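J.: Sharing a structure below in structure tokens format, with a few things to ask.
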Amino acid sequence: MKAIVQDQYGSPDVLRLAEVEKPVPEDDEVLIKVHAVSINGSDREGMRGKPLYARLAGLRRPGNKILGSDIAGRVEAVGKNAKQFQPGNEVFGEMTGYRGGFAEYACTSEKLLARKPAGMTFEEASAIPQAAVIAYQGIGDRGQVQPGQSVLINGAGGSAGTFAVQLAKLRGAEVTGVDNTDKMDFLRSLGADHAIDYTREDFTRNGKQYDFILDVIAHRSVFALKRALKPNGTYFVVGGSTGTLLQVLLLGPWIRRFEGKNLRVLAVERNQEDLAAIIELWEAGKIVPVIDRRYRLSEAAEALRYVDEGHARGKVVIVVE
Ligand SMILES: NC(=O)c1ccc[n+]([C@@H]2O[C@H](COP(=O)([O-])OP(=O)(O)OC[C@H]3O[C@@H](n4cnc5c(N)ncnc54)[C@H](OP(=O)(O)O)[C@@H]3O)[C@@H](O)[C@H]2O)c1
């Protein structure tokens, strides 16, 4: 089959189209004919090998040579213990840990998949899994954002951020989105009440404080971050510099104990229940995946370059023909 392969970490130039073995499903896996795969920040990180956690599968060279975690497609074959799906079913899901989505076929655990609703395109479905689940757990399940709260989303114009803005508005919050200069109007079009350009303003130094912060691209010290939190406010980090994540892990409990501000790393759990809840919100017209551009599989390097250069508003999807 055709796949986009990377033999080393680096710029989008390390990505090449290659012929590789078609994967074979393990007993609890399904083999999917991929119709669409979306790009997440984690693909950008996996391509570059930065931050350090992006090298968990291979310190010097990529352990997983094929990027792409969020796929939508048709089940082609099922392992002997996989009971939930049958060949022909249209499914979507996140397969981080498996990767391999930038390809014509991919295998993953059936527990990571959900049925694609008939009215949802493969492209829309591929734009949902990782990004929407981060937002759903961050803003909803774990964050418990309440009506009237002031919420800041750092990295609001990217994959998870665009869902987080929509979900925070849905919960009645006053939302501030932070992203680059070109995305200010885009953030407002998503429903953000305020937009901050990170190239011109540091949200931890403008004197404002928030009830809740969801940070998808953290790089500041915990001391700066807690300054932006109201007393008893909550800060969740999902991705960013390893230094910030370690600081939040190590110092978060002390800050919580002595100052009441709650700084945590949000470890996102992938499960079918959250995908089902997100489908319900989509069916009710309450959230939409925002797709900026579509590329062919052979154009994956170009797609990653577009994302890497900071142009993408929401999601970029690779359509696999
Ligand atoms: N904790 C967990 O369990 C878990 C699970 C899955 C994924 N993750 C992580 O979650 C993160 C998800 O990111 P994503 O997919 O939403 O990324 P994304 O699509 O790349 O979006 C990131 C957004 O942040 C913007 N940005 C860049 N630098 C910024 C800055 N200094 N301040 C504010 N915004 C900035 C980017 O704009 P530019 O275009 O200007 O760069 C982009 O719009 C990844 O780090 C991933 O590894 C965590």
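Only the coordinates and a few stated rules stand behind these numbers; no lab work does. Computed from a predicted structure; not experimentally measured. Backbone-built Cβ (ideal geometry, glycine too); neighbour counts: all protein chains shown.
J.: Roughly how tilted is helix 159-170, in degrees to the nearest 10 and between 0 and 90, from the longest Cα axis of the chain?
T.: It works out to around 60 degrees.
J.: What is the dipole size for the chain, taken about its Cα centre, with +1 at each Lys and Arg Cβ and -1 at each Asp and Glu Cβ, in debye to the nearest 20?
T.: Using only the charged Cβ atoms, the result is roughly 920 debye.
J.: If I take R0 = 51 Å and measure r between the Cβ atoms of Asn81 and His194 in this structure, what FRET efficiency does the formula 1/(1 + (r/R0)^6) give, to the nearest 0.05?
T.: That pair, Asn81 with His194, gives E of 0.55.
J.: Here's another thing I want to ask about it. From the cross-link list Lys169/Lys315; Lys33/Lys183; Lys208/Lys261; Lys116/Lys315; Lys50/Lys183, which pairs have alpha carbons spaced over 26 Å apart?
T.: Listed pairs above 26 Å: Lys33/Lys183.
J.: Determine the distance separating the Cα centre of the range 250-268 from the Cα centre of the range 206-225; give it in Å without decimals.
T.: Each part reduced to its Cα centre gives a spacing of 13 Å.
J.: Can you give the helix-only mean residue ellipticity at 222 nm for the chain, where every DSSP H stretch with n ≥ 4 adds -39500 (n - 2.57) and the sum goes over all residues, rounded to the nearest 500 deg cm²/dmol?
T.: One gets -7500 deg cm²/dmol as the mean residue ellipticity at 222 nm.
J.: Helix 272-283 sits at what angle to the longest principal axis of the chain, using alpha carbons and giving 0 to 90 degrees rounded to 10?
T.: 80 degrees
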